[in-house]
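The values are calculated or read from the model by the stated rules, or taken from the named source; none is laboratory data. Just so we're clear, the structure is a prediction, and the values are computed from it rather than from any experiment. So basically every Cβ, Gly included, is an ideal-geometry build from the backbone, and we count neighbours across all protein chains shown. These accessible areas exclude ligands, DNA and RNA; they are computed on the full protein's heavy atoms, side chains included. Shrake-Rupley method; radii C 1.70, N 1.55, O 1.52, S 1.80 Å.
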Amino acid sequence: MNGGRHPRKTSRALWRWRRNPLRRRDDVTEAWIVLAVWIAVVVGGTITGVMTTRSAEGVFAAQRADRRAASAVLVSDVPLTASGVGDGNDRTSAQVRWTTPEGVTRTGSTMVETGQRAGAEVEVWTDGRGALSTEPPTPTEAAVEAGVLGVVAGLALSGLVFGAGGAGRRWIDRRRVERWGTDWARIGPLWSQRTS
């Protein structure tokens, strides 16, 4: 019994592709648009997602290779926040001084824990040129962030493709309605003469 239903569903889904006296050119065009949209979403979305993920992983790996932890000294006191807790989770921007691997002393601003006095040693991250930088993501954080970026890129492409496909189908629907109106204007009077 199930086997009898399956071919019928398939033939209903593919009716625009079969030869049929009621099939119009617009029906075939719409079928091609739908097919192209789904191929672009599945193949293009997947490729875009994978390429974005790999690219992001490469950027994060380069950041981990380029950035180094360095020891710096606070230039001035860093007061506690308004809560006065100073539990290590409160961070604020402060001036620090550090020495690059080439022996050059530099000063800059970075995020540090609150409640520390001038001269306290803090850990900072520097790039390959010795300038202050942010801490690079760990391999796990990088994998998660790259995966999220890949999914977002794939979904963005899919949204654009669906939008373009929907616009194409709306244009075809407008053409159909215009043609139906033209056909009815031509045939409608003949039909009403036969029924009266």
query = Among the residues of the stretch 102-128, which ones are assigned to a loop (DSSP other than H, G, I, E, B) and touching a residue at least 24 places away in the same chain (Cβ under 8 Å)?
reply = Glu102, Val104, Thr114, Gly115, Arg117, Ala118, Gly119, Ala120, Asp127, Gly128
inquiry  = I'd like the residue in the stretch 1-18 that is open to solvent by 90 Å² or more (accessible area, probe 1.4 Å) and either at pLDDT 90 or above or farther than 21 Å from Arg169 by Cα (or both) and, out of all such residues, is nearest to the chain's Cα centre (by Cα).
reply    = Lys9
remark   = The correct count of residues that are hydrophobic (A, V, I, L, M, F, W, C) and touching a Gly at 6+ places or on another chain (Cβ under 9 Å) in the stretch 157-176 is 2
message = Condition (residue is buried (at least 18 other Cβ atoms within 10 Å of the Cβ), in contact with a Gly (Cβ under 8 Å, 6 or more places away or on another chain) and modelled with pLDDT under 95) applied to the stretch 50-62: is it met by at least one residue?
response = no
inquiry  = If I go through the stretch 106-153 residue by residue, how many of them are over 31 Å from the mean Cα position of the chain (by Cα) and open to solvent by 90 Å² or more (accessible area, probe 1.4 Å)?
reply    = 4
key: Qualifying position, being surrounded by 13 or more Cβ atoms within 10 Å (Cβ to Cβ) and free of Cβ contacts under 8 Å to residues at least 60 places away in the same chain, among Asp27, Asp66   = Asp27
query = For Arg24, are the conditions met, namely being basic (Lys, Arg) and more than 30 Å from the chain's Cα centre (by Cα)?
reply = yes
